[in-house]
Amino acid sequence: MKLYMLKNIKSYLHMSNREKWLLKYSNLWVTPVIYTLLSMILFFITSWADLRMNSGSLVPSMFNPDYTLTRIILSTLTAGLLSLTAFTFYGVLTALTTFSSQFSPRILRNFMLTKKTQNTLGIFIGSFLYVLICLLFLNKEALYFFIPTTATFLAALSLGSFVLFINHIINWLQITNMTIDMKNESINIIKQSLTNELAPYRLDDQNVVDEQMPKTRGNQIAVANSGYLQSINFIDLIREAEKDDIIIKLEYKVDNFVFGYTPLLTYWKMGNGNNEIDEGKYTNMFHVGKKQTELQDIEYSINKFVEIAIRALGNNDPKTASNTIYLLGDLLIDISNNTKFTSSLVDNQQKLRVILKSLYFDDYLHISFAAIRQYSEKNTVITLELLHVLYAIAQGVKERDYDSVWNFVDYTVRGFEQNYLHSIDRKQFYNNLWCIATVTCNESKYYELAQKTMAKVSDQDDLEETEKYIKEDL
């Protein structure tokens, strides 16, 4: 037991500030405990003022309730706050059940982490415990002012918090507000993990370090426990690799499930190769847990959007699916403009230190839209919206990602059932294809792809109409 606690404490000390914050506030009990401690402090202050300093005798009698009235006030507030707290917990459970069944169980974490949810529960529990303890320590011989006044104020604060919390739940149940909040969270992940943390150590040109790539068999460090790789302390990893003069290759990326007793990383000694490597300090820089988190895992955040879109398609809700696709497109543009898609991290001397299992823009496109494309292959409305979003992505991404966008457009179009298109839809379909081809400089491939789509058209009139639209675009 002691070893387990020491291991958890050691792991906690190696976490970043954001990891510590996420660990604390991803549980609903942390904030209520803080408010409980604050209520205890408030109780000691008010009871000291009323019972020890007898401050009630200094207050005019009209503001100084007697023992009986104080007891009635506290008894009433205790019952009322308990009912209010129970009703609030019921509201939380209802909201969480709705999120889980209608949208995605992975969205529950977002709701739990909101400050309004945590603070409301904390205010209710803290207020209830304050009033209950005050009721326990009432004394017939004392005059009271601060205790009943503070209890009344806390009851009013709880009532106001309850109204705001109901409004908070109503707003959160609106899918637009929920997805916008998720998008903002995803952008923060991009800025913190992909931009601020890794960008200074990434190279614009992978060819610079090609000669430094190890050619021999390296030394492997295995992990004892299985679980999801939640985060990696990249900055310390690079610094320690520079001190030990080694090159490290990661065998897993963040969000992967790490199997027990499998290699976590491989390292190569550079220079004379006689220095001893403390392998334990490197394993401490990898945090493996029971579940995935959004800390450094943008892929996990994207998958939550995908789940919402797919469930919306299953519930015949094209508007929700379209809005989710729009936000995914905006997120992909942000990724393209803020990420260097190289798999190498270097030190200040431009020496190779870490080789990543990295995702490229093709991967992000596939993660975002492949499942949606699969479920909408016979859905004309969503397919046209997807092509519209891909056109917007093509306009917003860097030039290096043009081919990735066009390749995914090709992948999407080949899987679509052309016979579900009608005249207006067909015109929009080929117009979107031509616009994407123009932006991505793939005009020559447009006609080839268009000809392949015609092979799926069985009706002769539809075939002639298709040829007309293709010629108009050319």
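The values are calculated or read from the model by the stated rules, or taken from the named source; none is laboratory data. Owing to the predicted nature of the structure, the values given are computational and were not obtained by experimental measurement. Cβ: placed from backbone, ideal geometry, glycine included. Neighbour counts: every protein chain shown.
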Counted residues in segment 157-212 being over 30 Å from N233 (Cβ atoms) and of a type in the set (S, T, Y) come to 4
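Tally the residues that are outside any loop (DSSP other than H, G, I, E, B) and either over 20 Å from the mean Cα position of the chain (by Cα) or over 24 Å from I393 (Cβ atoms) (or both), restricting the search to segment 331-347.
We begin by selecting, within segment 331-347, every residue outside any loop (DSSP other than H, G, I, E, B); these are 331-338, 344-346.
Among the residues that remain, those that are also either over 20 Å from the mean Cα position of the chain (by Cα) or over 24 Å from I393 (Cβ atoms) (or both) are: 344-346.
Qualifying residue count, segment 331-347: 3.
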Subset of segment 220-233, residues modelled with pLDDT of 90 or more and of a type outside the set (S, T, Y), comes to Q220, I221, A222, G227, L229
In the set S336, S368, S322, the lone residue that is assigned by TED's automatic domain parsing to the domain that holds N303 and closer than 25 Å to L250 by Cα is S336
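When the residues of segment 331-384 are filtered to those that are touching a strand residue (DSSP E or B) at 6+ places or on another chain (Cβ under 7 Å) and among the charged types (D, E, K, R), which remaining residue is modelled with the lowest pLDDT? Can you show your working first?
Looking only at segment 331-384, we keep the residues that are touching a strand residue (DSSP E or B) at 6+ places or on another chain (Cβ under 7 Å), and these are 340, 342-347, 352-357.
Then drop every residue that is not among the charged types (D, E, K, R), which leaves 340, 347, 353, 357.
Values: K340: 81, D347: 88, R353: 92, K357: 86.
This residue is K340.
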task = Tell me, please, whether a residue that is among the charged types (D, E, K, R), closer than 22 Å to E185 by Cβ and at pLDDT below 85 can be found in segment 62-74.
result = no
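Residues are listed down the side, and each one gets a yes or a no for (1) more than 21 Å from S344 (Cβ to Cβ); (2) hydroxyl-bearing (S, T, Y); (3) out of contact with any strand residue (DSSP E or B) (no Cβ under 7 Å at 6 or more places or on another chain):
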{"site": "F146", "(1), (2), (3)": "yes, no, yes"}
{"site": "T152", "(1), (2), (3)": "yes, yes, yes"}
{"site": "G160", "(1), (2), (3)": "yes, no, yes"}
{"site": "L164", "(1), (2), (3)": "yes, no, yes"}
{"site": "I169", "(1), (2), (3)": "yes, no, yes"}
{"site": "T179", "(1), (2), (3)": "yes, yes, yes"}
{"site": "S231", "(1), (2), (3)": "no, yes, no"}
{"site": "E240", "(1), (2), (3)": "no, no, yes"}
I424 meets each of (1) surrounded by 15 or more Cβ atoms within 10 Å (Cβ to Cβ); (2) without any contact (Cβ under 8 Å) to a residue 24 or more places away in the chain with one exception, condition (1)
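Does N315 satisfy the condition of being at pLDDT below 85 and in contact with an Asp or Glu (Cβ under 8 Å, 6 or more places away or on another chain)? Don't jump to the end; show me each part of the working.
On the way: at pLDDT below 85: yes; in contact with an Asp or Glu (Cβ under 8 Å, 6 or more places away or on another chain): no.
No; evaluated as a whole, the condition is false for this residue.
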*Before we move on, is Q192 more than 16 Å from S301 (Cα to Cα), of a type in the set (S, T, N, Q) and in the same structural domain as Y300 (by TED's automatic domain parsing)?*
no
Given (1) in a helix (DSSP H, G or I); (2) at positive phi, Q350 misses just (1)
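Among the helices (runs of 4 or more DSSP H) contained in segment 114-199, which hold 2 or more residues that are surrounded by 18 or more Cβ atoms within 10 Å (Cβ to Cβ), within 17 Å of the chain's Cα centre (by Cα) and in contact (Cβ under 8 Å) with a residue 12 or more places away in the chain? Don't jump to the end; show me each part of the working.
Details: elements: 115-136, 146-172, 175-189.
So the answer is 175-189.
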>> Considering only segment 380-400, I want to know if a residue exists there that is under 30 Å from Y201 (Cα atoms), in contact with a Cys (Cβ under 9 Å, 6 or more places away or on another chain), of a type in the set (D, E, K, R) and not assigned by TED's automatic domain parsing to the domain that holds R239.
In response: yes
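Would you confirm whether or not segment 365-387 contains a residue that is of a type in the set (D, E) and either touching a His at 6+ places or on another chain (Cβ under 7 Å) or more than 24 Å from K427 (Cα to Cα) (or both)? Walk me through it before giving the result.
The first filter runs over segment 365-387 and keeps only residues of a type in the set (D, E), leaving 377, 385.
If we keep only those that are either touching a His at 6+ places or on another chain (Cβ under 7 Å) or more than 24 Å from K427 (Cα to Cα) (or both) as well, we get none.
Looking through segment 365-387, none of the residues is of a type in the set (D, E) and either touching a His at 6+ places or on another chain (Cβ under 7 Å) or more than 24 Å from K427 (Cα to Cα) (or both).
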Subset of segment 344-357, residues surrounded by 18 or more Cβ atoms within 10 Å (Cβ to Cβ) and within 30 Å of Q374 (Cβ to Cβ), comes to L356
Checked L390, L421 against criteria (at pLDDT 95 or above, touching a helix residue (DSSP H, G or I) at 6+ places or on another chain (Cβ under 7 Å) and not hydroxyl-bearing (S, T, Y)); the one match is L390
